[in-house]
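Here is the structure we will look at.
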Amino acid sequence: MTDMLKVRGLVKHYDTRRGIWGKLTGNQGALVQAVSGVDITIQQGKTLGLIGESGCGKSTLGRAILRLHEPTSGTIEFDGVDIINLDAEAMKAMRQKMQIIFQDPYASLNPRKTVRQIIGQPLKIHGKVSDAEVDGRVQEMMERVGLKVGQMNRYPHQFSGGQRQRIGIARALILNPKFVVCDEPVSALDVSIQAQIIELLAELKRDLGLTYLFISHDISVIGYVSERIAVMYLGKIVEEGDTHTILNSPMHPYTQALLSSVPQVDRTGVTKDRIRLTGDLPSPVDPPRGCRFHTRCQYASEICKTDEPLYQTVSGTHSVACHLVGNSG
Amino acid sequence: MNIPVLEIENLKTCFDTRDGMVTAVDGVSLKVNKGECLGIVGESGSGKSVTFGSVMGLVKKPGFIAEGSIRFNGRELVGLNGKEYRRLRGKEIAMTMQDALTALNPAYTVSNQIIEVLLAHDDALTGSRRSKKKQARGKAIEMMQLVGIPAAESRLDDYPHQFSGGMRQRIMIAIALSCKPTLLIADEPTTALDVTIQAQVLELIADIQDKLVMSVVLITHDLGVVAEYCDRVMVMYAGQIVESGPTRDVIDNPQHPYTQGLLNSIPRLSDLDRKITPIEGSVPELIGLAEECRFMGRCLKATDACKTLIEMRDNGVDHQVRCINAGMVL
Amino acid sequence: MTDIGSTPDMNKLNTVAGETLFKRNMKLFASSKLSLFFSAMAIGFILMALGAPLFAPHDPNEADLFLRLLPPAWMEGGDWSYVLGTDALGRDVLSRIIYGSRGSIFIGACVILVATTVGVLAGLAAGYLGGWVDVVISRLVDILLGFPYLIFAIALIAMSGPGLQNIIFALAYKEWVIPCRVVRGETLATRDVEYVEAARAMGASKRYIMLKEILPNILSPVMVVSTVRMAHVIILEASLSFLGLGVQPPTASWGSMVADGRSYMLDEWWLSTFPGLAILLLVLSINVVSQGLRDAFDPKFHD
């Protein structure tokens, strides 16, 4: 089983600070520490589910891995190749193998282009392919994702949300990539349509041998589609392991709180054993010192306030970053 | 329980658009009893928001209420003039919207917005306008503390954008509850929120409901939320109610193919190996609908008999379905 | 999600298969009688300018001193072969107005064309590329905006003489900053939209993204701004020729006609009035058309 993606120590900071000028104008800007040192490994043909709440940096991580936002530091090894140091031309070629599906079916398609142009665009950018060839491939993709070929010349606003998402999927897959970042691909869709798209993505993964990084805030969906899950909080991965382990025996207090907060169809009445997190999510501009979760953690101890916990393997493929687990500190 | 707090009978709300008459709500009837929490489940085009927009008198041109009656504590609301409605709104029936950032006026402080509501509706305030304002301010602080906003007194004069999403939602709830309404309509109160904040907000609503013996209508698309917080649930599809009954009943024993389809299409944490089955197809256009079952095109149980007007029929204790094949086993 | 007061997926209902947003908006534009009427008027002016030799009853420069200062045909002393009267040199006012439209419209169109092209490219570059490109262009825009327009134009023409190219330059040198600012703002707003990100994810070049992804989506406001500014430029050109700095005699120009008629305002009022009226009508029709375009293309104004 080969590693399709190996990310080590990835950092992405947005620095809009302005120093003296900032002090003078009163607009100091800020250092947004969106992603602060993330290690991820995804094996070929598997799905890693990335879960977290707003501000945790999961979307930024997905884009940084594709170098859509240039990482501040760290390494990304894709299919054995270090892509951080690739020049523009080599990176362009590499992009054929790594693609992204976006969350918003309305903003992710150019309203002035026809479906045919949108789906065929990657082919035109990368190769000297004839129009006839492009059309052929576009039709093939449209059928594969469940769209009617006769609607090829329509514009995005003439389709429903679910159909637009299919167009986005067709566009992402037309170059036969090996790896796809799915950034909340179903979050903006109606529940009954979500299931359609989830099934489509699963089918495509099987048929085309794809590897997914599936980002979502919906734990049930992540649990359903992923073989492994990574939990992110304020720019760091706090726990990672295979799906069953994470969902049934989570070790990090945040993961436990997250799982207990999900309203479930099988539960009735307000559950008294819900773990209540106090307070709001801190902002990535000014993360708490020590363990970033300590301000909301019911188990927080002295060491949690001063030292950052190490990310350690607890058993087999289960890793956690917490002082109370394992033997760090 | 004597008269229900809210009773809707055969409500029909339409929108006169350039392309034709869109019937967003078509013959909806429901009751909300005192102290209960009613869940309304539906997707886009189901009419769930427009139904309660009609209750609040917020449907504007090109929309209008074509037929039906809406009775609040026995009093007919359809046809009420603007002034009367304004007296009701905020004071006895309150509504919170999905997106708290746009629902709160960004140009005014939070204190301003809560106090404004109190000054307009609270009859318990006495004295000069100045003294009323002072009293209102005191009450506003109480409300903010009630909804769990830390350091309420100092944050009272902040602007909406200075709060996080969860806080803003709570402020909206604080505004909605400031006059202790009889009925709270919460339209997708947690859809835009993170799951841990969502839990806090929902528990808050349940808590307050207990304390004030308030009735709540919870509009959502999340069946899990309905399962945990609502006493009864109504499932809406394409402008009609297709199933209604006690929550546990509807969820454990769904009768309408749409409800069944919905429940089968969501992944459940408790049973991840269970395959989900999507409902094929999509919601029909709401213009010029024929007199037949609207779910027919996507229904696995559809027969020729479904090509007529389908009414709600009883199917179990307090459980109603709009389907003639409800008992059918495939 | 549906919100109160709107209906689900209205977009699907309002268009037919294959119809672009552009076509739909143009149809909306055409549904307003006011827009259609003034569009016809504007087109009328353009046709008049193009077909001047066909429409003008006389040679605009043919002077007949025996027929000088004839009043309009419906007044006493008027002559129907000189419908709007004649000027101090006996030249037919109507013919001069018809030929004069050429100058106004041609110069107006040229200036707008040049200014819009430069402005759009500069705005795209400033908005998308950012960095020092944006700093340089934005500062240039700020400086030019501070220029006292007319004084500089006068100085320019006084220095280099009133040729056609100089006039166009004098009018365009500052005009490009208007579309530039609009385009820069729109580009900044559009560059982080997901479909642009998608293009980046595919490996599209910066040039491709600016020209093929962003530009088509910001053309609406550019079109509206350009039509409004065209009216403005026509007035500017008229002011220049009023001051004697525009198109030189004997070529007819509305501005100079108004100027020439100044000393005759009390008795021979038609000399200034009709060219003035022509300016008014042309500018009015362009403004109404641009207003109609803006309304048709802005989704907030309908539905």
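The values are calculated or read from the model by the stated rules, or taken from the named source; none is laboratory data. In this text the structure is predicted, and so the values were computed from the model without any measurement. Using ideal geometry, Cβ is built from the backbone for each residue, glycine included, and neighbour counts are taken over all protein chains shown.
Listed residues A:GLN33, A:GLN44, A:GLN28; which is in contact with a strand residue (DSSP E or B) (Cβ under 9 Å, 6 or more places away or on another chain), at negative phi, at pLDDT below 90 and not β-branched (Val, Ile, Thr)?
From the options A:GLN33, A:GLN44, A:GLN28, the qualifying one is A:GLN33.
Do we have B:SER29 as polar (S, T, N, Q) and surrounded by 23 or more Cβ atoms within 10 Å (Cβ to Cβ) here?
No.
Could you check, for the range C:172-193, whether at least one of its residues is of a type outside the set (A, V, I, L, M) and either facing chain A (nearest Cβ under 9 Å) or at positive phi (or both)?
There is no residue in the range C:172-193 that is of a type outside the set (A, V, I, L, M) and either facing chain A (nearest Cβ under 9 Å) or at positive phi (or both).
For A:CYS291, indicate whether it is part of a helix (DSSP H, G or I), buried (at least 17 other Cβ atoms within 10 Å of the Cβ) and away from chain B (no Cβ under 14 Å).
Criteria not met by A:CYS291.
May I ask you to list pairs of residues, at least six apart or on different chains, whose Cβ atoms are under 7 Å apart, with the first in the range A:105-120 being more than 10 Å from chain C (Cβ to nearest Cβ) and the second being assigned to a loop (DSSP other than H, G, I, E, B) and surrounded by fewer than 18 Cβ atoms within 10 Å (Cβ to Cβ)?
A:ARG116/A:ASN153
Scan the range A:222-232 and give yes if some residue there is within 30 Å of B:PRO246 (Cβ to Cβ), within 8 Å of chain B (Cβ to nearest Cβ) and either more than 22 Å from the chain's Cα centre (by Cα) or touching a residue at least 40 places away in the same chain (Cβ under 8 Å) (or both), otherwise no.
yes
Here is a yes/no grid of residues against (1) in contact (Cβ under 8 Å) with a residue 60 or more places away in the chain; (2) of a type outside the set (Ser, Thr, Tyr); (3) surrounded by fewer than 15 Cβ atoms within 10 Å (Cβ to Cβ):
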residue: C:LEU129; (1), (2), (3): yes, yes, no
residue: C:ILE137; (1), (2), (3): no, yes, no
residue: C:GLY146; (1), (2), (3): no, yes, yes
residue: C:LEU150; (1), (2), (3): yes, yes, yes
residue: C:PRO162; (1), (2), (3): yes, yes, no
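Which one of these is surrounded by fewer than 21 Cβ atoms within 10 Å (Cβ to Cβ) and closer than 29 Å to C:ALA52 by Cβ: C:MET223, C:MET257, C:MET230?
C:MET223
What residue, among those in the range B:184-208 that are buried (at least 20 other Cβ atoms within 10 Å of the Cβ) and in contact with a Phe, Trp or Tyr (Cβ under 8 Å, 6 or more places away or on another chain), is farthest from A:MET232 (Cα to Cα)?
So, considering only residues that are buried (at least 20 other Cβ atoms within 10 Å of the Cβ) and in contact with a Phe, Trp or Tyr (Cβ under 8 Å, 6 or more places away or on another chain), the one farthest from A:MET232 (Cα to Cα) is B:ILE185.
State whether one or more residues within the range B:309-323 are out of contact with any strand residue (DSSP E or B) (no Cβ under 7 Å at 6 or more places or on another chain) and among the polar types (S, T, N, Q).
No, every residue in the range B:309-323 fails to be out of contact with any strand residue (DSSP E or B) (no Cβ under 7 Å at 6 or more places or on another chain) and among the polar types (S, T, N, Q).
For the range A:130-138, state whether one or more residues are among the basic types (Lys, Arg), more than 14 Å from chain B (Cβ to nearest Cβ) and crowded, with 24+ Cβ neighbours inside 10 Å.
Within the range A:130-138 (the criterion being among the basic types (Lys, Arg), more than 14 Å from chain B (Cβ to nearest Cβ) and crowded, with 24+ Cβ neighbours inside 10 Å), the answer is no, since none of the residues qualifies.
Given C:ALA158, C:ALA115, C:ALA170, which one is in contact (Cβ under 8 Å) with a residue 24 or more places away in the chain, under 30 Å from C:THR251 (Cα atoms) and surrounded by fewer than 17 Cβ atoms within 10 Å (Cβ to Cβ)?
C:ALA158 is the lone residue from the list that is in contact (Cβ under 8 Å) with a residue 24 or more places away in the chain, under 30 Å from C:THR251 (Cα atoms) and surrounded by fewer than 17 Cβ atoms within 10 Å (Cβ to Cβ).
Take B:VAL283 and decide whether it is within 11 Å of another protein chain (Cβ to nearest Cβ) and in contact (Cβ under 8 Å) with a residue 60 or more places away in the chain.
Yes.
Hey, does the range C:100-112 have a residue that's among the small types (Gly, Ala, Ser) and at pLDDT 90 or above?
Among the residues of the range C:100-112, not one is among the small types (Gly, Ala, Ser) and at pLDDT 90 or above, which makes the answer no.
In the range B:227-255, which residue that is aliphatic (A, V, I, L, M) and in contact with a strand residue (DSSP E or B) (Cβ under 7 Å, 6 or more places away or on another chain) is surrounded by the most Cβ atoms within 10 Å (Cβ to Cβ)?
Filtering the range B:227-255 for residues that are aliphatic (A, V, I, L, M) and in contact with a strand residue (DSSP E or B) (Cβ under 7 Å, 6 or more places away or on another chain), the one surrounded by the most Cβ atoms within 10 Å (Cβ to Cβ) comes out as B:VAL250.
Among the numbered conditions (1) surrounded by fewer than 23 Cβ atoms within 10 Å (Cβ to Cβ); (2) in contact with an Asp or Glu (Cβ under 9 Å, 6 or more places away or on another chain); (3) touching a residue at least 60 places away in the same chain (Cβ under 8 Å), tell me where B:GLY224 comes up short.
For B:GLY224, the failing item is (3).
Quick one: how many residues across the range A:61-92 are over 27 Å from A:VAL231 (Cβ atoms) and at the interface with chain C (Cβ under 8 Å from one of its Cβ atoms)?
2
Can you find a residue in the range A:255-262 that is at the interface with another protein chain (Cβ under 9 Å from one of its Cβ atoms) and surrounded by 24 or more Cβ atoms within 10 Å (Cβ to Cβ)?
Yes, because at least one residue in the range A:255-262 is at the interface with another protein chain (Cβ under 9 Å from one of its Cβ atoms) and surrounded by 24 or more Cβ atoms within 10 Å (Cβ to Cβ).
Look through the range C:262-303, keep the residues that are under 18 Å from the mean Cα position of the chain (by Cα) and among the polar types (S, T, N, Q), and return whichever of them is modelled with the highest pLDDT.
Checked the range C:262-303; the qualifying residue modelled with the highest pLDDT is C:SER285.
Please specify each residue of the range A:173-223 satisfying the condition of being touching an Asp or Glu at 6+ places or on another chain (Cβ under 9 Å) and part of a helix (DSSP H, G or I).
A:VAL191, A:SER192, A:ILE193, A:GLN194, A:GLN196
Residues being farther than 14 Å from C:ILE98 by Cβ and not aliphatic (A, V, I, L, M): count how many of those fall in the range C:51-84.
Of the residues in that region, 12 qualify.
For the range B:293-305, name all the residues that are more than 14 Å from chain A (Cβ to nearest Cβ), crowded, with 16+ Cβ neighbours inside 10 Å and either over 18 Å from B:GLN320 (Cβ atoms) or at pLDDT below 85 (or both).
B:MET296, B:LYS301, B:ALA302
Answer yes or no: is there a residue in the range C:53-73 that is crowded, with 20+ Cβ neighbours inside 10 Å, over 19 Å from the mean Cα position of the chain (by Cα) and more than 27 Å from C:LEU243 (Cα to Cα).
No, the conditions are met nowhere in the range C:53-73.
Among the residues of the range A:309-329 satisfying the criterion of being crowded, with 20+ Cβ neighbours inside 10 Å and without any contact (Cβ under 8 Å) to a residue 60 or more places away in the chain, which is nearest to A:VAL238 (Cα to Cα)?
Applying the filter and picking the extreme gives A:PRO309.
Being modelled with pLDDT under 85, under 24 Å from the mean Cα position of the chain (by Cα) and more than 10 Å from chain B (Cβ to nearest Cβ) is the requirement here; does A:ASP286 meet it?
In short, yes.
For the range B:1-77, please list each of the strands (runs of 3 or more DSSP E) lying entirely inside it that holds at least 1 residues being away from chain C (no Cβ under 14 Å) and over 28 Å from A:VAL191 (Cα atoms).
Ranges flagged: B:6-17, B:63-72.
Quick test for you: out of C:ALA199, C:ALA204, pick the one residue that is at the interface with chain A (Cβ under 10 Å from one of its Cβ atoms) and not in a helix (DSSP H, G or I).
Residue meeting the stated conditions: C:ALA204.
Could you check the range C:233-254 and list, in sequence order, the residues that are crowded, with 24+ Cβ neighbours inside 10 Å and of a type outside the set (A, V, I, L, M)?
Of everything in the range C:233-254, those that are crowded, with 24+ Cβ neighbours inside 10 Å and of a type outside the set (A, V, I, L, M) turn out to be C:GLU237, C:SER241, C:GLY246, C:SER253, C:TRP254.
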